[in-house]
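Colleague: Attaching a single structure in structure tokens format; questions to follow.
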Amino acid sequence: QVQLVESGGGLVQPGGSLRLSCAASGMIFSRYVMGWYRQAPGKQRELVARIWTGGTTIYEDSVKGRFTISRDNAKNTVSLQMNSLKPEDTALYYCNANYLSDVWGQGTQVTVSS
């Protein structure tokens, strides 16, 4: 079945960097629009970044210039490079795949704290 597995979360100090990865299986990866979402405690899940099949990307305003989403269709992976991290980036980050319907990973925790 279609499966997404995230990795790369952790604890980082403000100003630091993390790289999240999402490995997809059971799907024709190149057909899917891929995205990263996050959900902080007490808040709704929000879109962080999305990358279309042709490589077009969009970002949530607060992460523009700091985060970069990329995909490798040969390896069935999507990544999120996060630089200049802030405490408000602390959240559970989810990988999402969309092609007619949504598929979600289990999430990976990112905590930005000194």
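The values are calculated or read from the model by the stated rules, or taken from the named source; none is laboratory data. Please read all numbers here as calculations on a predicted model, not as lab measurements. Backbone-built Cβ (ideal geometry, glycine too); neighbour counts: all protein chains shown. Just so you know, the surface numbers come from the protein's heavy atoms only, side chains and all, with ligands and any DNA or RNA stripped out. Shrake-Rupley method; radii C 1.70, N 1.55, O 1.52, S 1.80 Å.
Colleague: Condition check: over 23 Å from VAL2 (Cβ atoms) and more than 12 Å from the chain's Cα centre (by Cα). Does ASN83 satisfy that? Spell out how you get there, then give the answer.
Modeller: Numbers: over 23 Å from VAL2 (Cβ atoms): yes; more than 12 Å from the chain's Cα centre (by Cα): yes.
Judged against the criteria, ASN83 is a match.
Colleague: When the stretch 85-100 is examined, which residues are found to be surrounded by 16 or more Cβ atoms within 10 Å (Cβ to Cβ), outside any strand (DSSP E or B) and not aliphatic (A, V, I, L, M)?
Modeller: To start, the set of residues in the stretch 85-100 that are surrounded by 16 or more Cβ atoms within 10 Å (Cβ to Cβ) comprises 85, 89-97, 99.
When the remaining residues are screened for being outside any strand (DSSP E or B), the result is 85, 89-90.
Residues satisfying the conditions are ASP89, THR90.
Colleague: Next up: Based on this model, can you work out whether ARG71 counts as open to solvent by 70 Å² or more (accessible area, probe 1.4 Å), under 15 Å from ALA97 (Cα atoms) and at pLDDT 95 or above?
Modeller: no
Colleague: Output the number of residues of the stretch 77-102 satisfying the condition of being among the charged types (D, E, K, R) and free of Cβ contacts under 8 Å to residues at least 12 places away in the same chain.
Modeller: 1
Colleague: Condition check: touching a Phe, Trp or Tyr at 6+ places or on another chain (Cβ under 8 Å) and at positive phi. Does ASN83 satisfy that? Break it down into steps so the answer makes sense when it comes.
Modeller: Numbers: touching a Phe, Trp or Tyr at 6+ places or on another chain (Cβ under 8 Å): yes; at positive phi: no.
No.
Colleague: If we keep just the residues of the stretch 28-44 that are within 19 Å of GLN109 (Cα to Cα) and open to solvent by 20 Å² or more (accessible area, probe 1.4 Å), which is nearest to the chain's Cα centre (by Cα)?
Modeller: For the stretch 28-44, the residue satisfying everything is TYR37.
Colleague: Return yes or no: is LEU47 in contact (Cβ under 8 Å) with a residue 24 or more places away in the chain, out of contact with any Cys (no Cβ under 7 Å at 6 or more places or on another chain), open to solvent by less than 60 Å² (accessible area, probe 1.4 Å) and under 17 Å from LEU80 (Cβ atoms)?
Modeller: Considered against the rule, which asks whether it is in contact (Cβ under 8 Å) with a residue 24 or more places away in the chain, out of contact with any Cys (no Cβ under 7 Å at 6 or more places or on another chain), open to solvent by less than 60 Å² (accessible area, probe 1.4 Å) and under 17 Å from LEU80 (Cβ atoms), LEU47 comes out as no.
Colleague: Could I ask something else about it? When the stretch 53-68 is examined, which residues are found to be within 14 Å of the chain's Cα centre (by Cα), surrounded by 14 or more Cβ atoms within 10 Å (Cβ to Cβ) and part of a loop (DSSP other than H, G, I, E, B)?
Modeller: GLU60, ARG66 - these are the residues of the stretch 53-68 that are within 14 Å of the chain's Cα centre (by Cα), surrounded by 14 or more Cβ atoms within 10 Å (Cβ to Cβ) and part of a loop (DSSP other than H, G, I, E, B).
Colleague: Could you say which residue among GLU60, GLU46 is in contact with a Lys or Arg (Cβ under 7 Å, 6 or more places away or on another chain) and at pLDDT 95 or above?
Modeller: GLU46
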